[in-house]
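Q: Take a look at the following structure, please.
Computed from the coordinates by the stated procedures, all read-outs in this text should not be read as laboratory data. Because the structure is a prediction, the values reported are computed rather than measured. A quick note on method: Cβ atoms are made from the backbone with ideal geometry, for glycine too, and the neighbour counts reach across all protein chains shown.
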Amino acid sequence: MAEVIIMPKLGFNMDEGQLVKWNKKVGESVTKGEILFEINTDKTTMPVEATLDGILLKTTIEEGEFAPVFTPIAVIGNEGDDVEAILAAASGEAVEAPVAEAEDCVEAAAKEEVSENLGKLKLTPKARKYVKDQCIDPASIIEIKGTGFEGGITAKDIKASPLARKLADKNNIDIANVQGTGTNGKVMKTDVEKAIASPTEGTDDKKILKETPYKGVRKVIGDRLSQSKFTSPHLYFTDYIDTTKLTAFRKELNETSEEKISVSDLLILAASKALQKYPEINSSLVDGKIITYKSTNVGMAVAGDNGLIVPVVKNAQEKSLTMVAKETKDLIARARIGKLSVNEYTGGTFSISNLGMFGIDNFTAIINPPEAAILSVSSVKKKAVVIEEDGEDKLVIRPIMNIQLSADHRIIDGLLAAQFVGCIKELLENPIKILI
């Protein structure tokens, strides 16, 4: 029995996926359980297994293309199966447009000709509505090569001629911003040529290097952070860390440790210890309830091939520094190439964003929802500071690292946040306390 393979929904916020790789070619045999293809979800690359034995009869998207979740992207079946009939039965995107719907828009004398010419015309629901609302003669669009699923004609296809669309794509012109002079406002080739000849209109004389669709991982990141910024009132607390002892402590550890200890490893364990002392920071506001967690699941923001991702060290309070170092090394390496499982980048209760390795002196991080706080960590730079020595103030040069806590003021008060930052400072400036 044939089966239509759809773009799976592998995350709560996932509304589309990018086909990264087909592991099988059309015509090849497929065995249940074999990896059929790989997709980019909102955060990582996931392999998808075949659910039945058969032959890969057809694929509807190429590697690198995006498709909404639940969209048919392939058919597995037996040799001789009617692939088009199978897809037509499964797809609601493009359907045969009954001629009767167009009859109100054409004269009675043309009905017979329309019926004869448009029996196989495919229109998406929006395109069908557009034809009806604008009283467009369906015969005038029969030659359009549709860009929708299985060649279905979309509303955009109708609003612009094929030559106009091709010319617009070639010259990076947004067809939606071009005023059409054709029938029913259709964009013609001459309209696009005018837009090309007048580049200052709507572009402010800016030369465009490239245009990238705002979709996929970048859109997911943007939507989540926008939601966080505009729904959670952020409150910020900044302090500096004298890393003299921290640097010496890390050097001493690495002389004997089996795993190389990074500053990030010490930050994770320090954050875990501080969260245990101030558990109200380790909380979330979910469905009208403030949930305080016993587990300190600390995420570390990483810039990977697929955008920003936050792998999480689960239950850091139960792990040694060596265990944390080994786990973070593995998580970060796989995060950068998009090979984390969903469980490895979800379930965090607190996050750290460390840009110290990039020389950033100070920055503000946006809370990673549904968490209540995030700690930003800057680079270490030598600065003049005043210390007290033998009862007197003294100006010295010390390696200084700035930290800033972004807190959700709905559930975290200023005093609590200040105490938490003070605890982090105490631990990092006296790093032996992180292990006690």
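Q: Would you confirm whether any residue within region 385-398 is among the aliphatic types (A, V, I, L, M) and crowded, with 16+ Cβ neighbours inside 10 Å?
A: no
Q: Based on this model, can you work out whether ALA270 counts as out of contact with any helix residue (DSSP H, G or I) (no Cβ under 7 Å at 6 or more places or on another chain) and touching a residue at least 24 places away in the same chain (Cβ under 8 Å)?
A: no
Q: Restricting to region 321-338, and then to whatever is within 21 Å of ASN40 (Cβ to Cβ) and either among the hydrophobic types (A, V, I, L, M, F, W, C) or surrounded by fewer than 16 Cβ atoms within 10 Å (Cβ to Cβ) (or both), can you tell me which residue is farthest from the chain's Cα centre (by Cα)?
A: ASP330
Q: Taking the condition under 20 Å from the mean Cα position of the chain (by Cα), in a loop (DSSP other than H, G, I, E, B) and on the phi < 0 side of the Ramachandran plot, does LYS9 pass?
A: Considered against the rule, which asks whether it is under 20 Å from the mean Cα position of the chain (by Cα), in a loop (DSSP other than H, G, I, E, B) and on the phi < 0 side of the Ramachandran plot, LYS9 comes out as yes.
Q: Please go through region 27-57 and give me each residue that is of a type in the set (D, E, K, R) and crowded, with 21+ Cβ neighbours inside 10 Å, ordered by number.
A: Answer for region 27-57, where residues must be of a type in the set (D, E, K, R) and crowded, with 21+ Cβ neighbours inside 10 Å: ASP42, LYS43.
Q: Would you please name the residue that is nearest to ASP223 (Cα to Cα), looking only at residues in region 293-320 that are crowded, with 23+ Cβ neighbours inside 10 Å and polar (S, T, N, Q)?
A: The qualifying residue nearest to ASP223 (Cα to Cα) is ASN306.
Q: Mind checking which residues of region 247-267 are in contact with a helix residue (DSSP H, G or I) (Cβ under 8 Å, 6 or more places away or on another chain) and part of a loop (DSSP other than H, G, I, E, B)?
A: Hits for region 247-267 are SER257, GLU258, GLU259, LYS260, ILE261, SER262.
Q: Separate question: Quickly run through region 420-432 and pick out the residues that are touching a residue at least 60 places away in the same chain (Cβ under 8 Å) and either over 14 Å from LEU375 (Cα atoms) or among the small types (Gly, Ala, Ser) (or both).
A: Listed by number, the residues that qualify are GLY422, LEU427, GLU429, ASN430, PRO431, ILE432.
Q: Is it the case, given these coordinates, that LYS24 is crowded, with 18+ Cβ neighbours inside 10 Å and in a loop (DSSP other than H, G, I, E, B)?
A: Criteria met by LYS24.
Q: Would you please name the residue that is surrounded by the most Cβ atoms within 10 Å (Cβ to Cβ), looking only at residues in region 248-273 that are of a type in the set (Ser, Thr, Tyr) and within 28 Å of the chain's Cα centre (by Cα)?
A: Residue satisfying both the conditions and the ranking: SER272.
Q: Mind checking whether some residue in region 327-337 is outside any strand (DSSP E or B), under 13 Å from SER272 (Cβ atoms) and of a type outside the set (A, V, I, L, M, F, W, C)?
A: yes
Q: Those residues that are buried (at least 16 other Cβ atoms within 10 Å of the Cβ) and outside any helix (DSSP H, G or I), I need them from region 279-292; list them, please.
A: Residues satisfying the conditions are ASN282, SER283, SER284, LEU285.
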